[in-house]
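The structure appears right after this line, and notes come after that.
The values are calculated or read from the model by the stated rules, or taken from the named source; none is laboratory data. What you are looking at is a predicted structure, and each value in this text was computed from that prediction instead of being measured. Cβ sites come from the backbone with ideal geometry, for glycine too, and all protein chains shown count toward neighbours. Just so you know, the surface numbers come from the protein's heavy atoms only, side chains and all, with ligands and any DNA or RNA stripped out. Shrake-Rupley method; radii C 1.70, N 1.55, O 1.52, S 1.80 Å.
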Amino acid sequence: MPNKDLPICDCESLWQCAKDPENPIQFDEEMNEFHLVYGKSKMMIYHCHFCGGRVPVKSKRSSLFSQPTHGEREKLMKLVEGISTLEDTLKVLGDPDEDFPTGEAHTTPPDGDEPEKTVFFRTLRYKGLSNMADMRVRVYPTDKVQFIIESKYIGPKK
């Protein structure tokens, strides 16, 4: 994420790089973003590689997602209030629209004698509970759950 304390880049380096088709820095006009492109992957650029300033454009990415109201978030929170297990989640909300056995990963860096560890969490997604938001459910190895309200994608169909 961009560091809001830094000034906006005005050195033009990103624009110059993006004009060169051989350069891995590209400008996405649709999203109004700079990306570092390598192979089939691309990574969003938040700061200029030359001067360190914030990118000189505002991304349009947020326009692709709904903005749930406070009332809508409260409605969803009440729906899952008191639910703490996977079993209760499935009883109250039913079958999820999506079920990812290893949907999320959390990596902790090495600490003393402990090596780096990556833990995967089963993740459920409910898309039909709201017109404005999806509900993501992170399932811990103990079958405890955490609920996450996410803005719903409203952009063009892929």
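Observations on the structure shown:
- Qualifying residue in the range 18-27 (condition: out of contact with any helix residue (DSSP H, G or I) (no Cβ under 7 Å at 6 or more places or on another chain), surrounded by fewer than 14 Cβ atoms within 10 Å (Cβ to Cβ) and closer than 25 Å to Pro156 by Cβ): no
- Close pairs (7 angstrom Cβ cut-off, 6 or more residues apart or separate chains): surrounded by fewer than 12 Cβ atoms within 10 Å (Cβ to Cβ) in the range 88-101, of a type in the set (D, E, K, R) anywhere: Pro101/Arg122
- Residues within the range 28-48 that are closer than 15 Å to Ile8 by Cβ and either open to solvent by less than 50 Å² (accessible area, probe 1.4 Å) or at pLDDT below 95 (or both), tallied: 5
- Of everything listed in (1) open to solvent by less than 60 Å² (accessible area, probe 1.4 Å); (2) modelled with pLDDT of 95 or more; (3) over 22 Å from Gly155 (Cβ atoms), the single unmet condition for Trp15 is (1).
Residue by residue, here is whether (1) within 22 Å of the chain's Cα centre (by Cα); (2) touching a residue at least 12 places away in the same chain (Cβ under 8 Å) holds:
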residue: Glu81; (1), (2): no, no
residue: Leu86; (1), (2): no, yes
residue: Asp113; (1), (2): no, no
residue: Asp134; (1), (2): yes, yes
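- Residues satisfying the stated conditions in the range 1-17, i.e. under 17 Å from Leu36 (Cα atoms) and in a loop (DSSP other than H, G, I, E, B): Met1, Pro2, Cys9, Glu12
- The residues on offer are Lys144, Lys58, Lys127, Lys78, and the sole one that is among the charged types (D, E, K, R) and closer than 30 Å to Pro21 by Cβ is Lys58.
- So Met77, is it within 29 Å of Val137 (Cα to Cα), open to solvent by 90 Å² or more (accessible area, probe 1.4 Å) and assigned to a loop (DSSP other than H, G, I, E, B): no
- Qualifying residue in the range 50-69 (condition: part of a strand (DSSP E or B) and either among the β-branched types (Val, Ile, Thr) or out of contact with any Ser or Thr (no Cβ under 9 Å at 6 or more places or on another chain) (or both)): yes
- In the range 120-158, of all residues being of a type in the set (A, V, I, L, M) and in a loop (DSSP other than H, G, I, E, B), the one that is surrounded by the fewest Cβ atoms within 10 Å (Cβ to Cβ) corresponds to Ile154.
- Only listed residue being surrounded by 14 or more Cβ atoms within 10 Å (Cβ to Cβ) and acidic (Asp, Glu), chosen from Glu114, Glu104: Glu104
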